[in-house]
Amino acid sequence: MKKNEARSRIQQLVETINYHNYLYHTLDRPEISDREFDAMFSELQELERQFPDLQQPDSPSLRVGGEVLNSFEKVNHRTAMLSLQNTYNEEDILNFDEKIRRQLHLNQGAIEFYCTPKFDGVAIELIYQKGLLTQALTRGDGYVGENVYQNVRTIRSVPLRLRIKQPPDYLEVRGEILMLKEDFARLNLQQEENGEVPFANPRNAAAGTLRQLDSRIVAERPLHFFCYSPGWCEEGQYSTYSGFEHFIAEAGFPTTVTPKKSSYEKLRADIEQKKINPFSPPLSTVCRGPEEVIAYYNFIHSVRKALPFEIDGVVVKVNSFPLQQELGFVARSPRWAFAGKFEPEQAETLVNDIVVQVGRTGALTPVAILKPVSVGGVTVSNATLHNQDEIDRKDVRIGDSVIVHRAGDVIPEVVRVIENKRPKNSKPFKIPHKCPECKSETILVEGEAVRRCTNPLCSAVLKESLKHFISRNAMNIEKLGDRLIDILFENGLVKTFSDLYTIDKEQILSLERQGEKSASNIINSIEKSKHTSLARFIYALGIRFVGEQTAKSLAKHFKTLDAFLDASTEEFLAIDDIGPRVTESLENTIHNKSFQKEIAQLLKNGVTIATPTKTSTKNNTLNGQTFVITGSFSLPREEIKTLIEDHGGKSSSSVSKNTDYVLAGEAAGSKLEKAQTLNVKILDWEQFQKLLK
Ligand code: IVH
């Protein structure tokens, strides 16, 4: 392609991709399939490779991350990033209203307040020059922040260019960067899988991610942005907060502005049924007078748990900018705004014991066994203490009274010890240096916080590996639970993965409390699991650092088990998301003699691995129909998508009126519900296969 031609094609691709990116990540209303999007993206990357000087400053290819920095540049804020006065109850809210009315000499009429949830994330200031994102500053000490632009531009919902025809020369907006609860839970699973310490809550995960010097890591973590205020601006630039929020939504930013005032009851139902756009949820509103503010505060409090992200209160601002100017500041907070905070969901209980569990990577994890207590409506009876450093930092001891909370509303954690309730003769807790399961020596690898048992035949490691092997996203042996694995192992019936495929019905019947029916079910589900995909198989093997995503990349690259087992270092390293650490672990594993023997035995015992769908099956039976896939299937989702596209259909990630079918697998969730409410046709796997024929 000639350079001139390339220039205009690049421009066209950048605009189109940015537009679809906005539809997907801000409006939650995609119009094209992932495959169409990926095709455009690859075309752009290829053109930019050929003509590097034609890369545009708002190119979506910049979002994948770039060079590794040594440190972040310090930058002064044009106006300080201040904090808010806190209020905790209705009385405080009434007092706030009274105080500002006095200051403004207002006797009559209600003051308008702009009310928003208070996001529990990390504050950020974005600077746009001539419509282009040029800087992203953290709050820092309020006066000087750090420029984390490289990291922030990877966040898909942050516009790289304003969606305004004639953008201002200079624009500052402020907002919060956060991680959705769901994404946080997934990230922590992955952290544990990689033998790394999980994050305590979504805010820490977001903050830790933003401080990464390698923006490629940031690009892989799902962060979101909500805009909530202007930064520095010309006097008179905006007249009201609500006006500002509408302007900023038009300019392409995710906000929480509510387009039309709908009743709280309707909104509550939508939130609970997950029918709101999680990337721009309609949660902000204008309230007249303190009573309406109190109603808003109570409403947001009542839906707090159902929201897809964490909040710790509401923020209430005087809606009129001229009135704000008149009210001014006191110390480091504005007089025209306050945070209505919610009490954190915490509870006090006793540490009855501290036990040390051994995971499948041999990691020793201390767990506090608690006197059961209800935290935000869920009974908590144990809490992870992560590692020795964490125990030392919090000084948690057996017999202590502690405050517990649920990080990210999921994982129970000890927040702190109530020291004055500590029993007299308690001792600091030390994780034993011998493995509590097999009594072998454990090691603390330099740079790691976690102690590990290195005995590959440690019974805990073997049992946990078997539990991983049978789990839903691995071999998916549904009817064999963790409990049964323990029993089979302890009875000497199953020691390795391949042993699972040699047990028969009689052996299961010989175990305690096993009847005819459940024994048949177990045997059937073991049989069913024999036919699997390469991605599942690799994942099931439990190779260190090889999580689900990595297993999928490996399967996609190698296609057959033999090719995977014969791979060289260079081949591993050439795969996009595989680095030296994963490669080293893969090599150690595939060259290990007992591993090779085990694989051979698995195949001998009947495990077969499906070859990826052949493209020769392409036809047009689905003829442009749009599918949304939800829930889990025995085939990886990528393969199902390919299947749909190879038959002329499209796949999309969210359900709308334009969706023709929802393909629902096991444990289908909100998308299925949405399909039901929108009357979209729902298919199970069998019905879907019929459709293909
Ligand atoms: S407005 C003068 N709105 O809360 C400050 N702040 O204590 C005006 N925050 O560091 C801030 N959600 O990071 C505002 N909807 C929201 C917010 C919000 C969270 C954070 C913000 C700031 C802190 C202020």
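Side notes on the structure shown:
- Flag for Ile100 being in a loop (DSSP other than H, G, I, E, B), surrounded by 16 or more Cβ atoms within 10 Å (Cβ to Cβ), in contact (Cβ under 8 Å) with a residue 40 or more places away in the chain and within 16 Å of the ligand (Cβ to nearest atom): no
- Leading residue by the ranking (nearest to the ligand (Cβ to nearest atom)) among those in segment 155-172 that are within 19 Å of Phe119 (Cβ to Cβ) and out of contact with any Pro (no Cβ under 6 Å at 6 or more places or on another chain): Glu172
- Among the residues of segment 144-167, those identified as out of contact with any strand residue (DSSP E or B) (no Cβ under 8 Å at 6 or more places or on another chain) and either among the acidic types (Asp, Glu) or more than 20 Å from Asn76 (Cβ to Cβ) (or both) are Thr154, Arg156, Arg163, Ile164, Lys165, Gln166.
- Any helices (runs of 4 or more DSSP H) falling wholly within segment 178-241 and containing at least 1 residues that are within 14 Å of the ligand (Cβ to nearest atom) and in contact with a helix residue (DSSP H, G or I) (Cβ under 8 Å, 6 or more places away or on another chain): 202-210
- Residues that are of a type in the set (A, V, I, L, M), free of Cβ contacts under 8 Å to residues at least 40 places away in the same chain and farther than 18 Å from Ile217 by Cβ, drawn from segment 549-588: Ala551, Leu554, Ala563, Leu565, Ala567, Ala574
- Some residue of segment 39-53 being touching a residue at least 60 places away in the same chain (Cβ under 8 Å) and assigned to a helix (DSSP H, G or I): no
- Tally, over segment 327-385, of residues that are within 16 Å of the ligand (Cβ to nearest atom) and under 15 Å from Asn86 (Cα atoms): 15
- Residue under evaluation Val316, criteria (1) away from the ligand (no atom under 13 Å from the Cβ); (2) modelled with pLDDT of 95 or more; (3) under 30 Å from Met81 (Cβ atoms), criterion not met: (1)
- Among the residues of segment 54-84, those that are outside any helix (DSSP H, G or I), away from the ligand (no atom under 16 Å from the Cβ) and farther than 17 Å from Gln11 by Cα comprise Gly65, Gly66, Glu67, Val68, Leu69, Asn70, Ser71, Phe72, Glu73, Lys74, Val75, Asn76.
- The one condition from (1) touching a residue at least 12 places away in the same chain (Cβ under 8 Å); (2) in contact with a strand residue (DSSP E or B) (Cβ under 8 Å, 6 or more places away or on another chain); (3) in a helix (DSSP H, G or I) that Ile271 does not meet is (2).
- Qualifying residue in segment 322-338 (condition: hydroxyl-bearing (Ser, Thr, Tyr) and at pLDDT 95 or above): no
- The set of residues in segment 294-312 being away from the ligand (no atom under 14 Å from the Cβ) and out of contact with any Asp or Glu (no Cβ under 7 Å at 6 or more places or on another chain) consists of Ala295, Asn298, Phe299, His301, Ser302, Val303.
The values are calculated or read from the model by the stated rules, or taken from the named source; none is laboratory data. Keep in mind that this is a model prediction, so the values were computed, not measured. Using ideal geometry, Cβ is built from the backbone for each residue, glycine included, and neighbour counts are taken over all protein chains shown.
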